[in-house]
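Since the structure comes first, as structure tokens, the remarks are kept for the end.
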2 protein chains.
Amino acid sequence: MSERDPRIIKVKESILEDNDADAEKLRGELRDEKTFYLNVMSSPGSGKTSSILQIISRLRDKYRIGVLEADIDGDVDTRTMLNAGVESVQIHTGGMCHLDADMSRQSLREIGSADLDLVILENVGNLVCPAEFDTGAAADLVILSVPEGDDKPLKYPLMFEKADVVLVNKIDALEAFDFDMDKFTENVRLRNAAAEVFAVSAETGEGFDDAAAWIASAADEFLGGAK
Amino acid sequence: MSERDPRIIKVKESILEDNDADAEKLRGELRDEKTFYLNVMSSPGSGKTSSILQIISRLRDKYRIGVLEADIDGDVDTRTMLNAGVESVQIHTGGMCHLDADMSRQSLREIGSADLDLVILENVGNLVCPAEFDTGAAADLVILSVPEGDDKPLKYPLMFEKADVVLVNKIDALEAFDFDMDKFTENVRLRNAAAEVFAVSAETGEGFDDAAAWIASAADEFLGGAK
């Protein structure tokens, strides 16, 4: 199979003053069209792309899925998705460190969200800025990988405060690093009483059955029935 | 020894329109007072704090050293520095994802840079925003750790474009990850023909003799003689 060329769109910075209101509006639009929009955030290199592939392999029989790949530059991840047979569009943020609701809307239009059940946004790799902008997603998933350290919720509180679900990735490398899972969960709890925490390995697939089941359950609840 | 309480300062966002001009001004001020200001940037969890400790252990006989720890919240790293007997001040950025020149100046005043030869700034963990703001530092050091992947210069080009020196950290974990050092260096070279690249392990100390020697040489060149 010859490699498809990634579709690349350059989103424009929103001129709207009230992103929160626009995000609420977008959430309503997506509820009406029955599309569950999942915002995946993490540092660079925590394993967003490979985690998304693990999730999709468990949900693709159930949902029509698309992936929005947001990056400052490049198209590495979109190529990975297309090679895996996953509908995907590359979003270039023009140097910006985050996506807001209107940038989401431009991207959802481009990928054709009305014909999809689940759209996953791989946000810009960054534990700071993306947490400050509501994308209009129905749920926020945050990934923290073992090599990054169990103290990160203390340093990047807003990201963990906003998370509906947290994946601790690269648990296959636990032995090589000084990472305390209980301490990490405790640090998350300081900021967030409700978020589910799943220990996973995007390398081996461990833990993704549970994580994907959580996402399916949240999607079904949001959509309230089939399209 | 009882633990010292970290000094925490809250820096204010600069109202200056031209941060680049202010950064040049600050660089001149620091040259006059003979202080080498080194800006250390990376993602969260790449090993900034432990790398800085490795560097300091090799340079503390030669220079009077202070460390500025910039974070959104928390004081974990400043406590680590103080426990290691290193002069350190915690900077809270009030949610901001970067430090600019004026925020640097406020922090340098607080730590008393005029009485120090080398001040190391541990910038906010973030591969995007800190690259966009000149801090007034004499040199920019970027750390990328092996678990983050060798493709990161393609996705976060500005950070690698700005680097004077790049450390590839956690090389002790090379076997556990699919990281190609030649490919990484090639990806850096696409953006930056000049930056030195050192492979290091902040865990074992490997590679830090060379990295510290590079910093000492850059500092001596900048300062042009003793204080």
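Read-outs throughout are calculated quantities, based only on the coordinates presented, and are distinct from any laboratory measurement. Keep in mind that what you see is a predicted model, and the values were worked out from it rather than measured. Positions of Cβ are generated from backbone atoms using ideal geometry, with glycine treated the same way; all protein chains shown enter the neighbour counts.
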For the range A:143-153, in order, what is each residue's ³J(HN,Hα) by Karplus, 6.51 cos²θ - 1.76 cosθ + 1.60 with θ = phi - 60°, in whole Hz (x at glycine and Pro)?
-> 10, 10, 9, 3, x, 6, x, 7, 8, 4, x
Over the range A:91-130, what lengths in whole Å, largest first, do the semi-axes of the equivalent ellipsoid take, defined as the square roots of 5 times the eigenvalues of the alpha-carbon gyration tensor?
-> 20, 11, 8
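Sum -39500 (n - 2.57) across every DSSP H segment of at least 4 residues in the protein assembly as shown, then divide by the residue count to get the 222 nm mean residue ellipticity, nearest 500.
Theoretical 222 nm ellipticity from helices: -10500 deg cm²/dmol.
Calculate, in whole percent, how much of the Cα-Cα pair population of chain A lies beyond 31 Å.
Values: 3986 of 25651 pairs.
So the pairs more than 31 Å apart make up 16 percent of the total in chain A.
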Report the charge-dipole magnitude of the protein assembly as shown in Debye, nearest 20, computed about the Cα centre from +1 at each Lys and Arg Cβ and -1 at each Asp and Glu Cβ.
-> 160
Label-to-label distances across copies for B:D18, with labels 7 Å out along Cα→Cβ, in nm, shortest first?
-> 3.8
Taking the Cα centre of the range B:20-221 as the origin and placing charges on Cβ (Lys, Arg +1; Asp, Glu -1), which of B:G205, B:N169, B:G149 is farthest toward the positive end of the dipole?
-> B:G205
One decimal, nm, shortest first: give the distances between the label point of A:L174 and those of the same position in the other copies, each label point 7 Å from Cα along Cα→Cβ.
-> 2.8
Per residue of B:146-156, how many C-beta atoms from partner chains lie within 10 Å of its own C-beta, taken as a mean?
-> 6
Applied in sequence order to the range A:32-41, the curve 6.51 cos²θ - 1.76 cosθ + 1.60 (Karplus, θ = phi - 60°) yields integer Hz couplings, x standing for Gly and Pro, of 5, 8, 6, 10, 8, 10, 10, 9, 9, 10
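About its Cα centre, what dipole magnitude does the range B:20-221 give when the only charges are +1 on Lys and Arg Cβ and -1 on Asp and Glu Cβ, stated in debye to the nearest 20? Numbers along the way, then the final one.
Numbers: 19 positive and 40 negative charges, 40 e Å.
Magnitude of the dipole: close to 200 debye.
Report the charge-dipole magnitude of the range B:166-227 in Debye, nearest 20, computed about the Cα centre from +1 at each Lys and Arg Cβ and -1 at each Asp and Glu Cβ.
On the way: 5 positive and 13 negative charges, 75 e Å.
Computed charge dipole of the range B:166-227: roughly 360 debye.
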Compute the separation of the alpha-carbon centres of the range A:24-52 and the range A:121-184 and state it in Å as a whole number.
-> 15
On the first, second and third principal axes, largest extent first, how far apart are the outermost C-alpha atoms of the protein assembly as shown in Å?
-> 73, 48, 46
Dipole check, the range A:4-45, charges on Cβ (K,R +1; D,E -1), about Cα centroid: among A:A23, A:S42, A:P6 the Cα furthest to the positive pole belongs to A:P6
Residues in the range B:155-196 reached by a label modelled at B:S217 [backbone nitrogen below 18 Å; 7 Å Cα→Cβ] = B:163-168, B:193-196
Residue-averaged beta-carbon neighbours from other chains (10 angstrom radius) around B:122-135 = 4
Nm distances between the label at B:E33 and the same-position labels in the remaining copies, 7 Å along Cα→Cβ, shortest first?
-> 5.5
By average C-beta atoms within 10 angstrom, highest first, the peptides A:187-200, A:130-143, A:97-110 | A:130-143, A:97-110, A:187-200
How far, in degrees from 0 to 90, does helix A:101-111 lean away from the longest principal axis of the Cα atoms of chain A, to the nearest 10?
-> 70
Out of all DSSP beta bridges with both ends in the range B:20-221, state the antiparallel percent to the nearest 5.
-> 0
